[in-house]
Amino acid sequence: MGPLLRTGIRFVAWVYMTRIERERHARPWLKTEKLVVTRKFQESLKSSPTLNGLNRDLLAWVVHTVVSRTEEFELFTNIDRSVWSNRLGSHYRRYLDWLVVNEILEENTRYRNDSKNPERNFPMSFRVKGLNDSNSSQQLVVQTRTLSRVSHFKDQSDLVDNVTRYVYRCLQDLMVTRNLVYIPDQVRDALALEQCKRIYSGCFNVHYGDQSKRLFHSVILMVREGRHNLRLRTPGEVLVYCDVKTCFPNLLVTYINNPNEKTLWINALNHDLYDVARTELNSTHSRDEVKVQFSKFLSDPKHPTNNVPGRFLEKQFPLLLEIIRGDPHMALNLQNLEASILVQQMVTWAIQTNSWYVPMFDGFLCKLSHLQQVQDHATHLLELKLGHRPIINHQVLG
């Protein structure tokens, strides 16, 4: 068969493809699977060739699922059994048990299943055994394989009110670019790919948190670098990501009763509180490291002070520290306060003004053509609650 004939056959095949088939053909990454696992997991596979009849790829998928859903590697993450059963079937426990017995995963068997109070229920939680922020770069690896067909993801959005329904409608205007941006970190590249495939499939999984009033969806779960793969279907419109700078420290203003501490705290916020804290303590930690420490400090029910934020509060804001240490649920309360403004109030306003808006925890997505209007209203609502104007940064995604 000559080259001209081969070219002609390919052209005819392309002409008779459906629109969806052409889109998929132009996106080879749809048939690529990248799973994040640990070196220990790979070693366990080599020493257990039979695996008691378990599928190697599905075992890797379980590890990947735990890694991808974990906000902090040291913490357990709740994963509903439907996640396991939908992919692994009714015998999903065999996969989980094998990984626990071989010390790949740790299982927190504490859960709640109360039919009378379903809103208080939570599933079993898991974490990767021995994995933490300091060793993750050495322990995590990516397994790549080519699939025989495009994976389909089932959307499991829980659209319970006007807010969730409107956000879901806005998310449907998102698409994924043909050629994904290059992400040098292989782990983050794999995590971005998974959410790109979900979003391409229209799988947004919009739902409120089990404990917090935050709104979750697939774009939130995507690593920051991966968001540059997103585009708006509306011709000529550009997607923008905005975030409230030092959001939780800003929200803490509502807890400060002492006028002197409030003035000092707001002044620190205006000069980037994370940088102020590390400079005040002559800390060698980077700004991003101090930011993570603040999150962990507020999330820990005991709020230990053997860290930059703890020592900073002890030295400069002892009364605020006393208030924080008296509330073991401080992080949850701040999340709910954040959601009351950036989810409930902002989405209600977006519905009324027909503005495209998607909340992103401490930020949001909007259209460039609506940027000033949306940003101004978010700033206004925050200022009403906080008593000062927080800084909202923005970044054009594409």
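The values are calculated or read from the model by the stated rules, or taken from the named source; none is laboratory data. Note that the structure is predicted; figures quoted are calculated from it, not measured. Because the Cβ atoms are built from the backbone with ideal geometry, glycine has one as well, and the counts that use them run over all protein chains shown.
Counting the residues of the stretch 48-68 that are without any contact (Cβ under 8 Å) to a residue 24 or more places away in the chain and either touching a strand residue (DSSP E or B) at 6+ places or on another chain (Cβ under 6 Å) or not in a loop (DSSP other than H, G, I, E, B) (or both) gives 3.
Of all residues in the stretch 217-246, those being over 20 Å from I392 (Cα atoms), touching a strand residue (DSSP E or B) at 6+ places or on another chain (Cβ under 8 Å) and assigned to a helix (DSSP H, G or I) number 1.
Does any residue of the stretch 282-299 turn out to be free of Cβ contacts under 8 Å to residues at least 12 places away in the same chain, surrounded by fewer than 15 Cβ atoms within 10 Å (Cβ to Cβ) and on the phi > 0 side of the Ramachandran plot? Yes, the stretch 282-299 contains at least one residue that is free of Cβ contacts under 8 Å to residues at least 12 places away in the same chain, surrounded by fewer than 15 Cβ atoms within 10 Å (Cβ to Cβ) and on the phi > 0 side of the Ramachandran plot. Identify all residues within the stretch 351-395 that are of a type in the set (D, E) and surrounded by fewer than 19 Cβ atoms within 10 Å (Cβ to Cβ); write none if there are none. D376, E383, listed by residue number. Summed over the stretch 79-110, residues that are crowded, with 16+ Cβ neighbours inside 10 Å and of a type in the set (S, T, N, Q) total 1. Residues that are loosely packed, with under 14 Cβ neighbours inside 10 Å and among the charged types (D, E, K, R) are absent from the stretch 269-278 altogether. For the stretch 255-271, a residue qualifies if it is more than 21 Å from L332 (Cα to Cα), at pLDDT 95 or above and part of a loop (DSSP other than H, G, I, E, B), and exactly one does: N258.
What residue, among those in the stretch 212-252 that are of a type in the set (S, T, N, Q) and under 16 Å from the mean Cα position of the chain (by Cα), is modelled with the lowest pLDDT? So the residue we want is S212. Within the set E383, E338, the sole residue that is part of a helix (DSSP H, G or I), acidic (D, E) and touching a residue at least 60 places away in the same chain (Cβ under 8 Å) turns out to be E338. Scoring S125 on the criteria (1) under 19 Å from the mean Cα position of the chain (by Cα); (2) modelled with pLDDT of 95 or more leaves a single failure, condition (2). When the stretch 354-378 is filtered for residues that are in a helix (DSSP H, G or I), without any contact (Cβ under 8 Å) to a residue 40 or more places away in the chain and farther than 15 Å from Q344 by Cβ, the ones remaining, listed by number, are H370, Q372, Q373, D376.
Can you say whether K385 is modelled with pLDDT of 95 or more, of a type in the set (K, R) and in contact with an Asp or Glu (Cβ under 6 Å, 6 or more places away or on another chain), as far as the supplied structure shows? The answer is no for K385.
Of the residues in the stretch 179-197, at least one is in contact (Cβ under 8 Å) with a residue 40 or more places away in the chain, part of a loop (DSSP other than H, G, I, E, B) and buried (at least 16 other Cβ atoms within 10 Å of the Cβ).
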